[in-house]
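Trainee: Please see the structure below; I have some questions.
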Amino acid sequence: MLHALMNLISQCWKPFGRGDESSSAGIVGREGKDGLLWFKDIGKYGSGDFSMAVVQANHVLEDQSQIESGPLGTFVGIYDGHGGPDAARYVCDHLFRNFRGFFIPESRGVVTTETIETAFRRTEEGFTALVSELWSTRPQVATTGSCCLVGVIYQQTLFVANVGDSRLVLGRKVGNTGGVASIQLSTEHNANIEAVRQELKELHPDDPQIVVLKHGVWKVKGIIQVSRSIGDVYMKHARFNREPINAKFRLPEPMNMPILSANPTIISHPLQPNDSFLIFASDGLWEHLSNERAVEIVHSNPRVGSAKRLVKAALHEAARKREMRYSDLHKIDKKVRRHFHDDITVIVLFLNHDLISRGTVLNPPLSIRSALDH
């Protein structure tokens, strides 16, 4: 009986590292599934509580995510894959490992923007090498990519790194009013943003087709919406922009320089006593909820189930836009569901400033990631 129960749990959540680490870290609260929705209602990490949820829309889940909390502070990653799951899975397997590699005991390393940049670069280089290895057998991996949103809480500072259009929003208490303001901490790289289009035009002054409006959506080279990602090597290296990849990805003119970038935008934010919680989410959530709405939902409800509550609010809005009931949307299976919404991943971190100021280390460390596929 116990063995069957453990098997059921492991199908929903596959920890990154030793299987007993997450269960022995004092995590409590309900976890499970509701159709295509998987969730962890509440748990403990080094600086407070967390809530986590993911809903699948694609035939194969393209979102990946993880929380790692231990001596290096807390690392959160949201990896929104596109073109297939390969890039997001690779990032989930390697980005934190590359980051952690700087902090072997004898190095006495500290978290800096440079260490985070290097972890991104090594992950990009590793995935490019993988594409080279698979080119003769699985060339389509060259057309997969992933947005990558990373948050690192280290010594009372939050580092935020992003490529693509996932988003991190801070909920901050407003004085003694009882209200909470929403503050976006991540920079997005989507061609529908005017500043991103301008950046692309400045980087590619001789290419009038660097951004193209197609069916009301701006796309880089008329193909992809994001200007930065891990992967998408067909838009970075000419040797991969040729047969046998699908013709829709092949550019008609020579590629003289990379079109997309894997360089993250990184900011550091000193955590303040009135910083209440952080919402990390893939673009699938923000297609349907504003920053303000998401913060209000978390603020005005119990902590338990916060991530699941945000996902369900987005699904209700997706159903409303298509003039259907949520109960009907809930019955639609994966792959077909993608016509109504994308995969959605949400991680909410609640900040305990007593723990943060004391530099408390969760022991044993927490290591949890969303399932590879549902």
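The values are calculated or read from the model by the stated rules, or taken from the named source; none is laboratory data. These numbers come from a predicted model, not from an experiment. Cβ: placed from backbone, ideal geometry, glycine included. Neighbour counts: every protein chain shown. Protein only, heavy atoms only, side chains kept; ligands, DNA and RNA dropped before computing areas. Shrake-Rupley method; radii C 1.70, N 1.55, O 1.52, S 1.80 Å.
Trainee: Count, please, the residues in segment 269-285 that happen to be open to solvent by 20 Å² or more (accessible area, probe 1.4 Å) and under 18 Å from the mean Cα position of the chain (by Cα).
Mentor: The number of residues fulfilling the criteria is 1.
Trainee: Are any of the residues in segment 234-253 touching a residue at least 24 places away in the same chain (Cβ under 8 Å), buried (at least 19 other Cβ atoms within 10 Å of the Cβ) and among the polar types (S, T, N, Q)?
Mentor: no
Trainee: Tell me which residues, restricted to segment 326-341, are open to solvent by 50 Å² or more (accessible area, probe 1.4 Å) and either under 21 Å from H82 (Cα atoms) or of a type in the set (A, V, I, L, M, F, W, C) (or both).
Mentor: Within segment 326-341, D333, K334, K335, V336, R338, H339 meet the criteria.
Trainee: Consider D333 carefully, then state whether it is on the phi < 0 side of the Ramachandran plot, in a loop (DSSP other than H, G, I, E, B), in contact with a Gly (Cβ under 7 Å, 6 or more places away or on another chain) and not basic (K, R).
Mentor: no
Trainee: Restrict the check to segment 36-54 and report whether at least one residue is among the acidic types (D, E) and at pLDDT below 95.
Mentor: Checking segment 36-54: not a single residue is among the acidic types (D, E) and at pLDDT below 95.
Conditions tested, residue by residue: (1) among the hydroxyl-bearing types (S, T, Y); (2) within 21 Å of the chain's Cα centre (by Cα).
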site: S300; (1), (2): yes, no
site: H330; (1), (2): no, no
site: V346; (1), (2): no, yes
site: H353; (1), (2): no, no
site: I356; (1), (2): no, no
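Trainee: Something else: Please find, within segment 123-168, the residue that is least open to solvent (accessible area, probe 1.4 Å) out of those that are out of contact with any helix residue (DSSP H, G or I) (no Cβ under 7 Å at 6 or more places or on another chain) and polar (S, T, N, Q).
Mentor: N162
Trainee: Got a sec? Which of V211, V217 is open to solvent by 20 Å² or more (accessible area, probe 1.4 Å) and modelled with pLDDT of 95 or more?
Mentor: One residue alone meets the criteria, V217.
Trainee: Under 7 Å between Cβ atoms, at least 6 apart or on separate chains: pull out the pairs that start in segment 77-93 with a residue that is at negative phi and end on any residue that is among the aliphatic types (A, V, I, L, M) and open to solvent by 10 Å² or more (accessible area, probe 1.4 Å).
Mentor: P85/V60; R89/L372; Y90/L130
Trainee: For segment 169-207, which positions are in contact with a Phe, Trp or Tyr (Cβ under 7 Å, 6 or more places away or on another chain) and open to solvent by 60 Å² or more (accessible area, probe 1.4 Å)? Even if it seems obvious, please write down each step before you answer.
Mentor: Let us first name the residues in segment 169-207 that are in contact with a Phe, Trp or Tyr (Cβ under 7 Å, 6 or more places away or on another chain), namely 171, 191-192, 197.
Once the filter is applied, which keeps residues that are in contact with a Phe, Trp or Tyr (Cβ under 7 Å, 6 or more places away or on another chain) and open to solvent by 60 Å² or more (accessible area, probe 1.4 Å), segment 169-207 yields only N192.
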